[in-house]
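Student: My structure is below; once you've seen it, I'll send some questions.
The values are calculated or read from the model by the stated rules, or taken from the named source; none is laboratory data. Everything numeric here is computed off the predicted structure, so don't read it as measured data. Don't worry about glycine lacking a Cβ; one is built from the backbone with ideal geometry, like all the others, and counts go over all protein chains shown.
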Amino acid sequence: MLLVLRTKKKASKKMTSFNKKLSAHLKKKLVDFELSSFEDAELFLEDKKIRLLIAGKPLESWTTIYPRKVGGYGGMAFILANLCKNKKIHFIDKFHEKSKAGSDSAKIIQMFKFAIGNVPIPKTYYSLAYSEKHLSRAAAFLKFPIVIKQCNSSQGSGVFLAKNKTSLAKKITELMREEGGKEIFLQEFIPNTFEYRVFVTGKKIGAIEKKIRVKKDEFRNNVFLGAREEFLAPVSVKKIILQTALKASAVANIQVSGVDIVEKENGEVAVFEANSCPSLTLDENISPELKSLSNYLEACEKR
């Protein structure tokens, strides 16, 4: 079956006319097809499992997908194109398979790359239009509390915690109204009191920082929000933490990165993010980051 995608559910007059005329041609040719929009797409990510629904139907329902117009939804187009490639579904046009890492969707694209590359991440849900049905499916998938993240935020900003469906819907409505240019994705909340920031230089561990939350009413382990830093020797950290950080950097194709990792109660780990421009602690009495970076840059220059 063919799926034709428009940008938004509420189509312009020109798009409505296009859909009507194209539909007439396809019906004459006895082509089995459906019309939908990017706003009907929902992405569910978890360890070793990726699921995408369009208008409630799994991606595998179609053999060919043609987005007439992508508009500002380049991130979802990238994800769709690459999932279709993976599942041998014909996607038109293939240039959408190219990386959109610098777009406003960069963070959710990185989560998608991690899921494809078998890097452990928190359960993640992504949509472009959070309807009541979308929120119900997201809540059933993630369970409360749910972390809300804006795709192009940094230093702990743009990250919120919703404890129930009412607060989730309220916060998303607020964000989409006030900051419409910032896409949103949702993640499961992993209970913790700290997270690791692993500084990776090339294929080596340059430094390991423990970001310890201090404020009782805060759920984010960000130094800019008051978390305490503690640098650790690599031998004092579990191998799974180091191996996962190196793999995350490789999958994200970032040579100098700060990988944020949390350890779950059961000993498993999850990657929150691989930062391409990690903030460094400049006090060399406590941090080996600058030395590690200079060593890596020297090695790159002399190779």
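Student: For the list (1) without any contact (Cβ under 8 Å) to a residue 60 or more places away in the chain; (2) buried (at least 20 other Cβ atoms within 10 Å of the Cβ); (3) within 14 Å of Ile184 (Cα to Cα); (4) over 13 Å from the mean Cα position of the chain (by Cα), I need the number of the one condition that His134 fails.
Tutor: Result: His134 passes all but (1).
Student: From the list Ala274, Ala270, which one is in contact with a Pro (Cβ under 7 Å, 6 or more places away or on another chain) and surrounded by 17 or more Cβ atoms within 10 Å (Cβ to Cβ)?
Tutor: Answer to the selection: Ala270.
Student: Next up: Strands (runs of 3 or more DSSP E) wholly in region 130-239 with at least 1 residues that are under 21 Å from Leu290 (Cα atoms), outside the structural domain of Phe38 (by TED's automatic domain parsing) and not hydroxyl-bearing (Ser, Thr, Tyr) - which ones?
Tutor: Counting at least 1 such residues, we get 194-201, 204-212, 228-232.
Student: Turning to a different aspect of this structure: Checking Leu293 against (1) within 19 Å of Phe224 (Cα to Cα); (2) buried (at least 16 other Cβ atoms within 10 Å of the Cβ), only one condition comes out false. Which one?
Tutor: Here Leu293 clears every test but (1).
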